Amino acid sequence: MAAAGGFRTVEPLEYYRRFLKENCRPDGRELGEFRTTTVNVGSITTADGSALVKLGNTTVICGIKAEFAVPPVDSSNKGYIVPNVDLPLLCSSRFRPGPPGEEAQAASQFMADVIENSQVVMKEDLCIVDGKLAWVLYCDMICLDYDGNLLDACMCAFLAALKNVQLPAVSINEETGLAEVNLKEKTPLTIRKEPVAASFILFDSLLIVDPTAEEEDLATGTVTIVTDEEGKLCAVHKPGGSTLTGAKLQDCISRAVTRHKEVKKLLDKLIKSKKAK
Amino acid sequence: MAGLELLSEQGFRLDGRRAGELRQLRARMGVFAQADGSAYLEQGNTKALAVVYGPHELRGSRGKAPHAQALVNCQYSMATFSTAERKRRPHGDRASAEMSLHLKQTFEAALLTRLFPRSQIDIYVQILQADGGNYCAAVNAATLALLDAGIPMRDYVCACSAGFLEDTALADLNYVEEAAGGPQLALALLPQAQHIALLELNARLHQDHLPRVLDAATQACRHLHALLDRVVREHLRDAAALLGK
């Protein structure tokens, strides 16, 4: 065991290749297998919606807080969704103190793009009074334990938290013109699309699903595919690295579609058990 | 404070506790795999997560690092969704910088830093939900995380707050009681030797009352010590059972 540990440290690539030769990975998974995913919703009562997602060791908590704002000038009937991914020092010893690193910023921007393009929630639904008042949904995703595949975990946590959001009813007082919030009457959001991400790494012309942090470090490229519940693509993200053939990309997409079914089943079961209580 | 009765005539508080009673404590050690030590702790509705890395080589500037002992590096942050009003900055503002400093000072008093010269111990605390006693929850969670990391300490560090209201000392204040603005004391105690690691009182209180408030906080800390000790023992028993198969 100790010898294997030493081999792993000194020759990580060779160590990893030996596993792949046997069609498995150091943690015992097959190449196309995701880690065990667990979801817990509504654990943070100070947030309007929250979810904790564990993907193997990777842990992401998403809390959504709703606030009032004036709608943007150019589209007066829209609200805002502001995603933010935070990789604090506590999630891994690889991050350094200071302003948000490149990875955190790239992940935030990726989330913002997917939310914008997939139209998971219509921004018109967030408008309360045209040109006067709208909801802002601040979606903060904090990584608590970093072990690779941040995007999949963030996307899953975001979707689960969004399903958990309960917004209070708002009415405008005719006399004073001020907004009145009725905390007793709460309604869930209308979710139009359910984007779910699946990430892959490229290693020696092999496609490996749901990488751990160790695997991400060894990989020569990554691919992330986001699909909705009808199997339509919401995003394809391949940031450089080693090249990929079209056929391989098709493999990624079909795996992403099956992954969507797995996640949807998990979330549906969770929502059903919440309702039963 | 009028209109909001923090202490009923029968001696019960808003959440149904008696004056010296603690909120329910739930804790787990070893929650994360890649950190050297980690712990999750709930005190009532306050939820804190502590992660410890180290002792490891010094990082960053060596200039301010002490020579003969380990550098204790703390960061306290609050999730943006942890409070009723969304926080703009999770860390780096004055309140959390002060809290980070308090944590550092508390644990410098308890850790055997002289055993690890020229090295660094990182303690990171994240508050996920805040309902009063954030400092105390942070200290208690960090103690469990340090124990999980196996870093030698003089003793547990148990922290608890206490307030003073209508001639009664209240232990372990929640947010409503804190926000009412009465005198409030935070105490971090090494319970075996009854040494005080940190004591902070930020309001006017007649000095004749101080012993009673301090006494209430001390009692609460000793009670917390028993609870934390039970968590540690249960964790060790489970870990030993796993190792022994």
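The values are calculated or read from the model by the stated rules, or taken from the named source; none is laboratory data. All of these numbers come straight from a predicted model, not from anything done at the bench. Positions of Cβ are backbone-derived with ideal geometry, glycine not excepted, and every protein chain shown enters the neighbour counts. Ligands, DNA and RNA are stripped out before the accessible areas are found, and what is left, the full protein with its side chains, is counted by its heavy atoms. Shrake-Rupley method; radii C 1.70, N 1.55, O 1.52, S 1.80 Å.
Quick notes on this one:
- In region B:154-177, the count of residues that are more than 13 Å from the chain's Cα centre (by Cα), farther than 23 Å from A:Ile61 by Cα and of a type in the set (Lys, Arg) is one or more.
- If you go through region B:38-55 and pick out every residue that is in contact with an Asp or Glu (Cβ under 8 Å, 6 or more places away or on another chain) and not hydrophobic (A, V, I, L, M, F, W, C), you end up with 7.
- Count - residues of region A:256-277 that are closer than 15 Å to A:Ser199 by Cα, touching a residue at least 12 places away in the same chain (Cβ under 8 Å) and open to solvent by 50 Å² or more (accessible area, probe 1.4 Å): 1
- Filter result for B:Ile121 (within 14 Å of the chain's Cα centre (by Cα) and either not in a loop (DSSP other than H, G, I, E, B) or not small (Gly, Ala, Ser) (or both)): no
- Residue under evaluation A:Gly63, criteria (1) within 24 Å of A:Val209 (Cα to Cα); (2) under 15 Å from the mean Cα position of the chain (by Cα), criterion not met: (1)
- Scanning region A:138-173 for residues that are in contact with a helix residue (DSSP H, G or I) (Cβ under 7 Å, 6 or more places away or on another chain) and within 12 Å of chain B (Cβ to nearest Cβ) turns up A:Cys139, A:Met141, A:Cys143, A:Leu144, A:Asp145, A:Tyr146, A:Asp147, A:Gly148.
- Region A:27-47 - residue that is within 14 Å of chain B (Cβ to nearest Cβ) and farther than 21 Å from A:Lys269 by Cα and, of those, surrounded by the most Cβ atoms within 10 Å (Cβ to Cβ): A:Ala47
- Residue in region B:122-133 that is farther than 21 Å from B:Arg89 by Cα, within 14 Å of chain A (Cβ to nearest Cβ), buried (at least 24 other Cβ atoms within 10 Å of the Cβ) and modelled with pLDDT of 95 or more present: no
- Of the criteria (1) away from chain A (no Cβ under 13 Å); (2) surrounded by fewer than 14 Cβ atoms within 10 Å (Cβ to Cβ); (3) in a helix (DSSP H, G or I), which one B:Phe107 fails: (2)
- All of (1) more than 23 Å from the chain's Cα centre (by Cα); (2) in a strand (DSSP E or B) hold for A:Val236 with one exception: (1).
- Yes/no for B:Ala149 being open to solvent by less than 20 Å² (accessible area, probe 1.4 Å), modelled with pLDDT of 95 or more and closer than 23 Å to B:His225 by Cα: no
- Condition check for B:Ala179 on (1) buried (at least 22 other Cβ atoms within 10 Å of the Cβ); (2) out of contact with any Cys (no Cβ under 9 Å at 6 or more places or on another chain); (3) closer than 26 Å to B:Glu85 by Cβ: one failure, at (1).
- Hits in region B:46-82 (condition: at negative phi, part of a loop (DSSP other than H, G, I, E, B) and surrounded by fewer than 18 Cβ atoms within 10 Å (Cβ to Cβ)): B:Leu58, B:Arg59, B:Ser61, B:Arg62, B:Gly63, B:Lys64, B:Ala65, B:Pro66, B:His67, B:Ala68, B:Gln69
- Breaking point among (1) assigned to a helix (DSSP H, G or I); (2) within 20 Å of A:Lys163 (Cβ to Cβ), for A:Ala247: (2)
- For region A:145-167, the count of residues that are more than 23 Å from A:Ala235 (Cα to Cα) and surrounded by fewer than 17 Cβ atoms within 10 Å (Cβ to Cβ) is nonzero.
- Unique residue being in contact with a strand residue (DSSP E or B) (Cβ under 9 Å, 6 or more places away or on another chain) and either of a type in the set (D, E, K, R) or assigned to a loop (DSSP other than H, G, I, E, B) (or both) when the list is A:Thr46, A:Thr38: A:Thr46
- Taking the criterion of being open to solvent by 40 Å² or more (accessible area, probe 1.4 Å) and among the small types (Gly, Ala, Ser), the only residue of region A:48-91 that qualifies is A:Ser76.
- Strands (runs of 3 or more DSSP E) (entirely within region A:156-209) containing at least 3 residues that are over 28 Å from A:Ile225 (Cβ atoms) and touching a residue at least 12 places away in the same chain (Cβ under 8 Å): A:166-172, A:179-188
- Pair list, Cβ under 6 Å, 6 or more apart: region A:57-86 residue outside any strand (DSSP E or B), other residue small (Gly, Ala, Ser) and open to solvent by 60 Å² or more (accessible area, probe 1.4 Å): A:Asn57/B:Ala33
- Given (1) in contact with a helix residue (DSSP H, G or I) (Cβ under 9 Å, 6 or more places away or on another chain); (2) among the acidic types (Asp, Glu); (3) within 30 Å of B:Phe81 (Cβ to Cβ); (4) open to solvent by 50 Å² or more (accessible area, probe 1.4 Å), number of the condition A:Asp210 does not satisfy: (4)
- Considering region B:48-71, the residues that are touching a strand residue (DSSP E or B) at 6+ places or on another chain (Cβ under 6 Å) and farther than 27 Å from A:Ala213 by Cα include one that is nearest to the other protein chains (Cβ to nearest Cβ), namely B:Leu71.
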